Amino acid sequence: MQAIAAIAILVATSTAVHIYPAAPIQGDPIMITVEATSTVKSIAFGGKPLALFSYQGLPTAFYGFDINKKSGTYMIVAKLADGASIQKPITIGERKKAEVAFTIPAKLGGTTPAAETTLVSTLAAENASLLGLRTGAKAFWTSPFAFPVADATVTDPYGYSRDTGTVTVTHKGTDFHAPEGTPVLAANRGVVRLVQEGRNYGKTIIVDHGLGLMTFYMHLSKIYVNQGELVQQGQVIGLSGQTGYAEGPHLHFTVRMNEISIDPMMFMGFFAR
């Protein structure tokens, strides 16, 4: 694959819009590719143009559905240089949101009313600090994304809610089995936009892959990269741990598209086809 920043991409095939997955649900990402006999000038979702790149020789765009986005049918429109437009509807299904009882670790005060109040306020502050980060105007990656640990065994999936009694927190990432000190790998080439340690997310690295696509690596024990550093796919950027709101060592991995946290396993599925 070759990622490029050009808005107009020329292809010479039949006319069609392809969407994967064909039946997404709330919280899923989609990959949109266009086959056309004319230059593809733009791909838009709900009237909003999406960033274009080339994947397997076709004009492509990503879109991420917020986990709380209203289910229903939306329209994707590709505009061509010859003036033609290709439209395709996509229906978003409802995600069944499981709720699981959870505790607050003793290091964060235990499951008490005071600790729950502190959790809410500090989570809000930390989440705010992770927004508005700079993103590249072009894709920094040229190869498919890869898992951030060698043994990508999921211990906690994306999308369920953790209930501590009076506080409910949605898990907007995927947790991977990773004993303390497991090498954590950059999922793809990109620029480190943030390195910090928060009360809840612990030692955290955010890598920008360009065009609004970012990956997050949380609860680390060690960090080996610096803000602004260009990293390569598979580079060891840190070690797994249990810093922050973690009851044991693991890697919390988040994928964001334009500030929306989507299901990382669905995203990784784009590159396993």
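Worth a mention:
- Options R95, R134: the member that is surrounded by 18 or more Cβ atoms within 10 Å (Cβ to Cβ) and among the charged types (D, E, K, R): R95
- Checked against the criterion of being more than 15 Å from the chain's Cα centre (by Cα), surrounded by 13 or more Cβ atoms within 10 Å (Cβ to Cβ) and over 20 Å from D28 (Cα atoms), region 152-160 contains not a single residue that satisfies it.
- Restricting attention to region 23-40 and to residues that are at pLDDT below 95 and either over 15 Å from Q87 (Cα atoms) or surrounded by fewer than 18 Cβ atoms within 10 Å (Cβ to Cβ) (or both), the residue that is nearest to the chain's Cα centre (by Cα) turns out to be T39.
- Looking across region 43-72 at every residue that is among the polar types (S, T, N, Q) and closer than 16 Å to V17 by Cα, the one that is surrounded by the fewest Cβ atoms within 10 Å (Cβ to Cβ) is identified as Q56.
- Index of the failed condition, I19 passing every other in (1) surrounded by fewer than 18 Cβ atoms within 10 Å (Cβ to Cβ); (2) farther than 30 Å from K97 by Cα; (3) modelled with pLDDT of 95 or more: (2)
- Residue match in region 118-126 (condition: farther than 27 Å from R193 by Cα, surrounded by fewer than 12 Cβ atoms within 10 Å (Cβ to Cβ) and over 17 Å from the mean Cα position of the chain (by Cα)): no
- Conditions (1) surrounded by fewer than 21 Cβ atoms within 10 Å (Cβ to Cβ); (2) closer than 24 Å to L52 by Cβ: number failed by V236: (2)
The values are calculated or read from the model by the stated rules, or taken from the named source; none is laboratory data. Since we're looking at a predicted model, the values are computed, not measured. Positions of Cβ are generated from backbone atoms using ideal geometry, with glycine treated the same way; all protein chains shown enter the neighbour counts.
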